[in-house]
Amino acid sequence: MRAAKPFLLDSMHSFCPTQAYYLPILPDDNKRGAGQISITQLLTLGHSPGVILAGEYFFYFMLYSFLGWVLEGSYNLHSLGTFRKEGFLKGPVKPMYGFAPLLLLAAKDLQLPFPLMIALALLIPSAVEYISGSLLKSVFHKQWWDYSEMPYQWNGHICLKFSLYWWGLATVCLYGLQPLVEMMYLRLAPLWTLLLPLAALLLTADLLWTCRTRRRGVKGLELGEG
């Protein structure tokens, strides 16, 4: 029988490299035992483990959002000769690239069959891209990307060519990059515990300031058109 997966905690519910808190799992047959802990199981076991897991997933969100910013800037540099590309937020993050991996990780924690995970690696990024594009256009009257000239596109928000790109990227991310990211997180967890409030504050401030300034521009445009 395997030991339960440890979560490192101290008395203040923060990471500690010398202590381990083991969370037992009761299998479906009601026999006592222990096993792997998934995100769904963990969030139901208590406030403290859930907070720790939320912090871990926020780390993944911020990292992948930053990598998405780097990816788009690099693509823009290759195609247009400049790294700078206007995004919704002012900071070096692309939230769309953060949300899709988190949804895929949550699906992976459900231990879904591998063929279904591969299908979700195609569907989830495209769904996130379409919903993001639709919301941004409806709220701010602006389209940050437009696939209208591409074949097999839908309302300019998604197209087959880039959906296939995201499919390959998501698969590599999920099964190639994510194990390395998890090892990175284990090494940086104590430092991240200190930096998390600052990162959350900066992201929230960026979001609120951006929404306020862009909505002000939309209202000015509507008044001018009227």
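The values are calculated or read from the model by the stated rules, or taken from the named source; none is laboratory data. Predicted model only: the values in this text are computed from it and were never measured. Cβ placement follows ideal geometry from the backbone for every residue including glycine, while neighbour counts extend to all protein chains displayed. Side chains included, ligands, DNA and RNA excluded: accessible areas come from the protein's heavy atoms. Shrake-Rupley method; radii C 1.70, N 1.55, O 1.52, S 1.80 Å.
Yes/no per residue for (1) open to solvent by less than 20 Å² (accessible area, probe 1.4 Å); (2) modelled with pLDDT of 95 or more; (3) aromatic (Phe, Trp, Tyr); (4) touching a Lys or Arg at 6+ places or on another chain (Cβ under 6 Å):
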{"position": "Leu53", "(1), (2), (3), (4)": "yes, no, no, no"}
{"position": "Ser65", "(1), (2), (3), (4)": "yes, yes, no, yes"}
{"position": "Ser79", "(1), (2), (3), (4)": "no, no, no, no"}
{"position": "Arg84", "(1), (2), (3), (4)": "no, no, no, no"}
{"position": "Leu123", "(1), (2), (3), (4)": "no, yes, no, no"}
Within the stretch 143-150, is there a residue that is more than 25 Å from Ala205 (Cβ to Cβ), among the hydrophobic types (A, V, I, L, M, F, W, C) and in contact with a strand residue (DSSP E or B) (Cβ under 7 Å, 6 or more places away or on another chain)? yes
Among the residues that make up the stretch 92-100, is at least one of them free of Cβ contacts under 8 Å to residues at least 60 places away in the same chain, hydroxyl-bearing (Ser, Thr, Tyr) and assigned to a helix (DSSP H, G or I)? yes
Picking from Phe59, Phe15, Phe99, the residue that is at pLDDT 90 or above and open to solvent by 30 Å² or more (accessible area, probe 1.4 Å) would be Phe99
Name the pairs: first residue in the stretch 110-127 and closer than 12 Å to Leu164 by Cα and of a type outside the set (A, V, I, L, M, F, W, C), second residue assigned to a helix (DSSP H, G or I) and open to solvent by less than 80 Å² (accessible area, probe 1.4 Å), Cβ to Cβ under 7 Å, at least 6 apart or on different chains? Pro125/Ala100; Pro125/Trp166; Pro125/Ala170; Ser126/Ser163; Ser126/Trp166
How many residues are free of Cβ contacts under 8 Å to residues at least 40 places away in the same chain and in a helix (DSSP H, G or I) when one looks only at the stretch 140-163? 3
